[in-house]
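Engineer: Submitted below is the structure of interest, expressed as structure tokens.
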Amino acid sequence: MKKSIKLFLLIILVAQGSQLVAQKKNITLEDIWAKGTFRSQSVQQINWMKDGAFYSALEGDKIVKHQVTDGAAVETLFDAATSVENLGKKVAIEDYALSADEQKILISTESEPIYRRSSREENFVYDLKTKKLVQLSKGGKQMFATFSPDGSKVAFVRTNNLYMVDLATMNEKQITTDGKWNHIINGACDWVYEEEFSFARAFQWSPDSKKIAFISFDETKVPEYNMQMWGKLYPTDYKYKYPKPGEANSTVSVSIFNLTDSKIAKVDIGKETDQYIPRIRWTNDANVLSLNRLNRLQNKMEILHADANTGKIDVILTEESKTYVDVENFADDVYYLADNKSFVMSSEKDGFKHLYLYDITGKLIRQITTGNWEVADFYGIDEKTKTLYFTSTEMSNIERQLFSISLDGKLKKQLTTEKGMNSANFSKDFKYYILQNSSANSPLKVSLYKAPMGQLVKVLEENLALRKKLEEYNIAPKEFMTIKTSENIELNAWMIKPTDFDPKKKYPVFMFLYGGPGSQQVLNQFDNGNFMWFQHLAQKGYIVACVDNRGTGGKGADFKKVTYLNLGKLEVKDQIESAKYWGSLPYVDKSRIGIFGWSYGGYMSSNCLFQGADYFKTAIAVAPVTNWRFYDSIYTERFLRTPQENATGYDENSPVTYAKNLKGNFLLVHGTGDDNVHFQNSISLEDALIKANKQFQSFYYPNKNHGIYGGNTRLHLYTMMTNFLEKNL
């Protein structure tokens, strides 16, 4: 009798639980891509002032100075209404920068995006003493307008030439004259540097404001890529220089303009012209410029010090690798100490990215951080206390925690305790920092802390409205795990099950991936875009899963660089083994496994379907690379060398090579205006599929770039992909 009562009560509780789930709302695609229902709120961009007790922020039409500790507004630095008084028209503030002495504000407006990190805009200068607002230049929009350190001048790039304006007289000086579209660029990077070295502004003021160092790019021999832009009666051509693997790159030179005599001195960067200068920066000596020099194979990187008056160089430090030196992410932190006797630099030469201290001549003093974990972001040094701040993977390779450590490598302290991804923004004097934290199932939280001990001052944004909103919807948690392959390799993974999951049922699995070198998708962080789409799919009865294959980041150089010269080979093998694993689970229908990826992920999803035809039923590829011969020189050669040296590495792992093996359902999507992964990639794959008489679906977004967004585009795309899955998985 007691067993019957217990069973009866259990049935009631289960029924009530199901009713509670049923009462919660389902996520719609309109919620995600049209209404922004799940959009996280953050703190407006914090611009720390020289006194760490204050920051400025853009608030509507005003730039307002705030007190850090309580966020109280203490002064309006600029009101757009002032522009009406000064200019007779209102200037809409899109971005701004304070001069170092905080006596002037550079205000940008009417911006036009160019590529990923570049734009041109109109700039205005506001003098906080005189309350006067003036237009920086009337000769056309500018790129990269930047104050000199003393705030007396602004340099910028226009029509591929470098300019300077003296703010006292508003006299404009053209520093270079040979700039020409698709031929010579001065002071700004070419397309491939901007994309692959995360480097767009190619000029730097000297610390004493008396010199400007800049890079010039001679693109004359670089082949042009042509994109047709649709919409008018006759399509227009957009031609720009895009070096593909093995083709000619820009020839670069480095020069230093001396404001005192208006002379330009050339820096001797060596006789080799087929090389890269991916970074320039001044030391704390106004007569010494620091440069990174990288050979084309990207396996030898040097730090050079150049005499700003003669252009003569000294090779300070050399780092070589059997594979590649990743300047963009793993050898990018070069910090010169104020005494100009030493510098801190990051490197993964011991197998993991760590911080090292060198004297000014390049002699190693000590390795500061060490261990089988990676430094993620290095935030700088409080030189008064000799304390460095950084995030790392030490506690978990799917999380980032904030640490401090003394310059002598001692007194390491963990400053964050909350699980997930943590990133920091330190005040200029390192007295305070703004910490952003989120985890897979918890939205962004932004808090103010006091350094060096990490005392919480105030929670600035907790996204309470979003947290409450999420409670109204059917949200399934993201579950983390590891998968062990047949080669005994552990791969990080996560899985989202339907909210009404029943282990006795059989579910289809939809895998998501990126998979590229150094990337990570399996991270304990909140994502309100794809994560919500995955929840939408889980509501429809799909298990959504993700695996980070070999070659991805967070686990050190050996795990990441094992794919060198053979991009796609081991990665696809790992994803196929992952599909086998999911298919072995008792609640998975192994005949219904699909996969989706974008960009490198599209390359991977295509390869997985074509090479793993017995394990994948369906794949979606958005903006995929289909043959690395079509991609750019810097990224591709970093991992594959040139096609002339490594033809098999390019062709044996190309989806085009395996198109004839297609058995399942394939959806191919691309933007015709993609300046990054060219539409050519999808055309080539389509051609191979047609030749093999393989049926598939394709869709192209007119004039859309690699991100495929704007207006209803994302809603349209995700609706189409959802419908495709419901029909084919």
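The values are calculated or read from the model by the stated rules, or taken from the named source; none is laboratory data. Here the structure is a predicted model, which is why all the values come from computation and not from measurement. Cβ placement follows ideal geometry from the backbone for every residue including glycine, while neighbour counts extend to all protein chains displayed. For the accessible areas, the whole protein counts, side chains as well, though only heavy atoms, and no ligand, DNA or RNA atoms are used. Shrake-Rupley method; radii C 1.70, N 1.55, O 1.52, S 1.80 Å.
Engineer: Is there any pair with a first residue in segment 42-68 that is closer than 16 Å to residue 99 by Cα and a second that is β-branched (Val, Ile, Thr) and open to solvent by 40 Å² or more (accessible area, probe 1.4 Å) whose Cβ atoms are under 7 Å apart and which are 6 or more apart or on different chains, and what are they?
Structural biologist: 64/76; 65/74
Engineer: (1) open to solvent by 10 Å² or more (accessible area, probe 1.4 Å); (2) β-branched (Val, Ile, Thr); (3) closer than 26 Å to residue 635 by Cα: which one isn't true of residue 222, the others all being true?
Structural biologist: With respect to (1) open to solvent by 10 Å² or more (accessible area, probe 1.4 Å); (2) β-branched (Val, Ile, Thr); (3) closer than 26 Å to residue 635 by Cα, residue 222 is out only on (1).
Engineer: Please find, within segment 464-496, the residue that is nearest to residue 544 (Cα to Cα) out of those that are open to solvent by 40 Å² or more (accessible area, probe 1.4 Å) and in a loop (DSSP other than H, G, I, E, B). Full working, then the answer.
Structural biologist: If we filter segment 464-496 for residues that are open to solvent by 40 Å² or more (accessible area, probe 1.4 Å), which is where we start, we get 464-465, 467-469, 471-472, 475, 477, 479-482, 484, 486-488, 490.
Add one more test, that the residue is in a loop (DSSP other than H, G, I, E, B), and what stays is 471-472, 475, 477, 486-488.
Numbers: 471: 21, 472: 21, 475: 13, 477: 11, 486: 23, 487: 25, 488: 24 Å.
Across segment 464-496, the extreme among qualifying residues is 477.
Engineer: Select from segment 573-595 the residues that are in contact with a helix residue (DSSP H, G or I) (Cβ under 7 Å, 6 or more places away or on another chain) and surrounded by fewer than 24 Cβ atoms within 10 Å (Cβ to Cβ) and list them in ascending order.
Structural biologist: Pass one, segment 573-595, residues in contact with a helix residue (DSSP H, G or I) (Cβ under 7 Å, 6 or more places away or on another chain): 575-576, 588, 590, 593-595.
Result: 576, 588, 590.
Engineer: Sticking with this structure for a sec: Between 327, 315, which is of a type in the set (A, V, I, L, M) and within 23 Å of the chain's Cα centre (by Cα)?
Structural biologist: Details: 315 fails: within 23 Å of the chain's Cα centre (by Cα).
On inspection, the qualifying residue turns out to be 327.
Engineer: So is residue 567 over 22 Å from residue 543 (Cα atoms), touching a residue at least 60 places away in the same chain (Cβ under 8 Å) and open to solvent by less than 40 Å² (accessible area, probe 1.4 Å) or not? Please lay out each step first, then the result.
Structural biologist: Details: over 22 Å from residue 543 (Cα atoms): yes; touching a residue at least 60 places away in the same chain (Cβ under 8 Å): yes; open to solvent by less than 40 Å² (accessible area, probe 1.4 Å): yes.
Criteria met by residue 567.
Engineer: Which residue is farthest from residue 97 (Cα to Cα), if the candidates are limited to segment 112-130 and must be in a strand (DSSP E or B) and among the charged types (D, E, K, R)? Outline the logic, then answer.
Structural biologist: Our first condition is that a residue be in a strand (DSSP E or B); within segment 112-130, this holds for 112-113, 119-127.
Checking which are among the charged types (D, E, K, R) leaves us with 112, 120-122, 127.
Values: 112: 18, 120: 16, 121: 14, 122: 14, 127: 12 Å.
Within segment 112-130, the match that is farthest from residue 97 (Cα to Cα) is 112.
Engineer: I would also like to ask the following. Just one of (1) more than 22 Å from residue 353 (Cβ to Cβ); (2) in contact (Cβ under 8 Å) with a residue 12 or more places away in the chain trips up residue 585, so point out which.
Structural biologist: It is condition (2) that residue 585 fails.
Engineer: Taking the criterion of being free of Cβ contacts under 8 Å to residues at least 40 places away in the same chain, β-branched (Val, Ile, Thr), in contact with a strand residue (DSSP E or B) (Cβ under 8 Å, 6 or more places away or on another chain) and surrounded by fewer than 16 Cβ atoms within 10 Å (Cβ to Cβ), would at least one residue in segment 291-311 satisfy it?
Structural biologist: Checked against the condition, which is being free of Cβ contacts under 8 Å to residues at least 40 places away in the same chain, β-branched (Val, Ile, Thr), in contact with a strand residue (DSSP E or B) (Cβ under 8 Å, 6 or more places away or on another chain) and surrounded by fewer than 16 Cβ atoms within 10 Å (Cβ to Cβ), segment 291-311 yields no hits at all.
Engineer: Just the residues that are assigned to a loop (DSSP other than H, G, I, E, B) and in contact with a Gly (Cβ under 9 Å, 6 or more places away or on another chain), please, taken from segment 150-205. Outline the logic, then answer.
Structural biologist: Of all residues in segment 150-205, those assigned to a loop (DSSP other than H, G, I, E, B) come to 150-152, 159-160, 167-170, 175-179, 181-183, 187, 189-190, 197-200, 202.
159, 160, 167, 175, 176, 179, 187, 202, listed by residue number.
Engineer: Evaluate the following for residue 111: is it open to solvent by 30 Å² or more (accessible area, probe 1.4 Å), touching a residue at least 40 places away in the same chain (Cβ under 8 Å) and either of a type in the set (S, T, N, Q) or on the phi > 0 side of the Ramachandran plot (or both)? Step through it out loud before you land on a result.
Structural biologist: Numbers: open to solvent by 30 Å² or more (accessible area, probe 1.4 Å): yes; touching a residue at least 40 places away in the same chain (Cβ under 8 Å): no; either of a type in the set (S, T, N, Q) or on the phi > 0 side of the Ramachandran plot (or both): yes.
Spelling it out, it is not the case that residue 111 is open to solvent by 30 Å² or more (accessible area, probe 1.4 Å), touching a residue at least 40 places away in the same chain (Cβ under 8 Å) and either of a type in the set (S, T, N, Q) or on the phi > 0 side of the Ramachandran plot (or both).
Engineer: Within segment 641-692, count every residue that is of a type in the set (Ser, Thr, Tyr) and not in a loop (DSSP other than H, G, I, E, B). Walk me through it before giving the result.
Structural biologist: First, pick out the residues of segment 641-692 that are of a type in the set (Ser, Thr, Tyr): 642, 648, 650, 654, 657-658, 672, 682, 684.
Still in the running and not in a loop (DSSP other than H, G, I, E, B): 648, 650, 657-658, 682, 684.
Summing the residues that are of a type in the set (Ser, Thr, Tyr) and not in a loop (DSSP other than H, G, I, E, B) in segment 641-692 gives 6.
Engineer: In segment 25-53, what count of residues is obtained for those that are assigned to a strand (DSSP E or B) and touching a Ser or Thr at 6+ places or on another chain (Cβ under 9 Å)? Quick ask: steps written out before the conclusion?
Structural biologist: Our first condition is that a residue be assigned to a strand (DSSP E or B); within segment 25-53, this holds for 25, 47-48.
Applying the additional criterion that residues be touching a Ser or Thr at 6+ places or on another chain (Cβ under 9 Å) yields 47-48.
The qualifying residues number 2.
Engineer: Name the pairs: first residue in segment 69-98 and closer than 14 Å to residue 47 by Cβ and among the aliphatic types (A, V, I, L, M), second residue open to solvent by less than 70 Å² (accessible area, probe 1.4 Å) and assigned to a loop (DSSP other than H, G, I, E, B), Cβ to Cβ under 7 Å, at least 6 apart or on different chains?
Structural biologist: Correct list of pairs: 77/128; 93/61; 93/80.
Engineer: Quick check on residue 243: is it part of a loop (DSSP other than H, G, I, E, B), out of contact with any Gly (no Cβ under 6 Å at 6 or more places or on another chain), open to solvent by less than 30 Å² (accessible area, probe 1.4 Å) and modelled with pLDDT of 95 or more?
Structural biologist: Working: part of a loop (DSSP other than H, G, I, E, B): yes; out of contact with any Gly (no Cβ under 6 Å at 6 or more places or on another chain): yes; open to solvent by less than 30 Å² (accessible area, probe 1.4 Å): yes; modelled with pLDDT of 95 or more: yes.
So residue 243 passes the test.
Engineer: Which members of segment 171-201 meet the condition of being β-branched (Val, Ile, Thr), over 17 Å from the mean Cα position of the chain (by Cα) and more than 11 Å from residue 143 (Cβ to Cβ)?
Structural biologist: Step one: filter segment 171-201 for residues β-branched (Val, Ile, Thr), giving 175-177, 184-185, 192.
Now drop any that are not over 17 Å from the mean Cα position of the chain (by Cα), which leaves 175-177, 184-185.
Of everything in segment 171-201, those that are β-branched (Val, Ile, Thr), over 17 Å from the mean Cα position of the chain (by Cα) and more than 11 Å from residue 143 (Cβ to Cβ) turn out to be 175, 176, 177, 184.
Engineer: Can you name the residue in segment 473-487 that is of a type in the set (Val, Ile, Thr) and in contact with a strand residue (DSSP E or B) (Cβ under 8 Å, 6 or more places away or on another chain) and is also farthest from residue 583 (Cα to Cα) among such residues? Lay out the reasoning, then the answer.
Structural biologist: Keep residues of segment 473-487 that are of a type in the set (Val, Ile, Thr), which gives 475, 482-483, 485.
Keeping just the survivors that are in contact with a strand residue (DSSP E or B) (Cβ under 8 Å, 6 or more places away or on another chain) gives 482-483, 485.
Numbers: 482: 15, 483: 13, 485: 14 Å.
Step by step, filter segment 473-487, then rank; the result is 482.
Engineer: Let me ask you something else. Can you name every residue in segment 78-103 that is closer than 15 Å to residue 62 by Cα, crowded, with 18+ Cβ neighbours inside 10 Å and either within 31 Å of the chain's Cα centre (by Cα) or not β-branched (Val, Ile, Thr) (or both)?
Structural biologist: 78, 83, 91, 93, 96, 98
Engineer: Wholly within segment 367-451, which strands (runs of 3 or more DSSP E) include no fewer than the required count, namely at least 1 residues that are open to solvent by 40 Å² or more (accessible area, probe 1.4 Å)? Walk me through it before giving the result.
Structural biologist: Values: elements: 375-382, 387-392, 401-406, 421-426, 432-439, 442-450.
Those strands (runs of 3 or more DSSP E) span 375-382, 421-426, 432-439, 442-450.
Engineer: Among the residues of segment 500-559, count how many are farther than 13 Å from residue 571 by Cα and of a type in the set (Ser, Thr, Tyr).
Structural biologist: Count: 2.
Engineer: The conditions are (1) of a type outside the set (S, T, N, Q); (2) on the phi < 0 side of the Ramachandran plot; (3) assigned to a loop (DSSP other than H, G, I, E, B), and residue 133 fails exactly one of them. Which is it?
Structural biologist: If we test residue 133 against (1) of a type outside the set (S, T, N, Q); (2) on the phi < 0 side of the Ramachandran plot; (3) assigned to a loop (DSSP other than H, G, I, E, B), just (3) comes out false.
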